[in-house]
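See below for the structure under consideration.
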Amino acid sequence: MKNGFLALLLLAFAATSWAQNGSAFGVKGGPTMGFQKWNDFQQQPLFRYHGIVFIESLGDNVLFAQAGYHVKGSALRYLRFTNPVSGNVGTAPAQDFQFRNASLTIGAKKKHQIGRGETRAYYMLGLRGDYTINTNLKDYDDPNFPFLTTFPTDQWVRRLNYGMTLGGGFEMPFGELVGGILEFTFNPDLSRQYNQPAIENVYDPYTGTNRNVSERRIINITFEVTLGLRFLQIVEYID
């Protein structure tokens, strides 16, 4: 409830500012490097992408809102295991775990001019809400590959999550009403993307016996590099 109230206040202030002074809007996107901390495995980064549409007020102290599509997750590479039947040691194929999220972020930017040119630098802080559209976890529900049974399943995925966006970037004007953006952001989740309770008597393909699987909690963190176009919409008042 408190988070919803804060979001409404930010939207109200932003709408007032945009209506009085004009606004900037645009599209941006780029590569995403995703990390996840699992209870049982040390994960490697997942390299995917994101796309965003945004609107913001004008000036040096800016309020912004943006909606985007972000592929988050992690990867598992070079995992070695012992075949319980033959006793041979092998390497499992590389796996990636994708959580495809729609995001809404509301926040603020502080901008300042660089030198005597028109390029401006900024830093930003935002509150973010995510909805998980789907995952690729069903790709690993294959009984022919028993070593996959210890991987996450859709059953324990949380669809609604929240987090923060922190970062900064540069605005480079191309003309009077259009410019470019280069942005770098760090995006930690504050809630669990995956929340699985402890499960008893799960077959362990590495030992050939049953074991108890401990509670598994997965939290997303991403680093994003973003390029985009920014357009100005100026409001002029005529007496």
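For beta carbons closer than 9 Å, sequence separation of 6+ or different chains, a first residue in the range 126-141 that is within 30 Å of Asn61 (Cβ to Cβ) and a second that is in a helix (DSSP H, G or I) and of a type outside the set (Ser, Thr, Tyr), the qualifying pairs are Leu127/Asn3; Leu127/Leu6; Leu127/Ala7; Leu127/Leu10; Gly129/Asn3; Gly129/Ala7. With respect to Thr32, is the statement that it is at pLDDT 95 or above and polar (S, T, N, Q) true? Yes: the conditions hold for Thr32. Of everything in the range 17-29 that is modelled with pLDDT of 95 or more and touching a Ser or Thr at 6+ places or on another chain (Cβ under 8 Å), the residue that is nearest to Phe231 (Cα to Cα) is Lys28.
Taking the criterion of being farther than 20 Å from His70 by Cα, surrounded by 16 or more Cβ atoms within 10 Å (Cβ to Cβ) and hydrophobic (A, V, I, L, M, F, W, C), would at least one residue in the range 100-109 satisfy it?
Yes - at least one qualifying residue is present in the range 100-109.
Contact map, the range 153-178: residues that are under 22 Å from Asp139 (Cα atoms) paired with residues that are surrounded by 13 or more Cβ atoms within 10 Å (Cβ to Cβ) and aliphatic (A, V, I, L, M), Cβ distance under 6 Å, separation 6+ or inter-chain. Pairs shown: Thr153/Leu137; Asp154/Leu137. Against the list (1) in a loop (DSSP other than H, G, I, E, B); (2) at pLDDT below 80; (3) basic (Lys, Arg), the condition Arg211 fails is (1).
Before we move on, is Arg230 part of a loop (DSSP other than H, G, I, E, B) and modelled with pLDDT of 75 or more? Let's see the steps before the verdict.
Working: part of a loop (DSSP other than H, G, I, E, B): no; modelled with pLDDT of 75 or more: yes.
Criteria not met by Arg230.
Of the residues in the range 20-56, how many are of a type in the set (A, V, I, L, M, F, W, C) and outside any strand (DSSP E or B)? Spell out how you get there, then give the answer.
Of all residues in the range 20-56, those of a type in the set (A, V, I, L, M, F, W, C) come to 24-25, 27, 33, 35, 38, 41, 46-47, 52-55.
Retained after the next criterion (residues that are outside any strand (DSSP E or B)): 38, 41.
Adding up the residues that qualify gives 2.
Candidates Val202, Val213: the one that is β-branched (Val, Ile, Thr), out of contact with any His (no Cβ under 6 Å at 6 or more places or on another chain) and within 19 Å of Gln36 (Cβ to Cβ) is Val213.
The values are calculated or read from the model by the stated rules, or taken from the named source; none is laboratory data. Computed from a predicted model, the values in this text were never measured in an experiment. Reconstructed Cβ throughout: ideal geometry from the backbone, glycine too, with neighbour counts over all protein chains shown.
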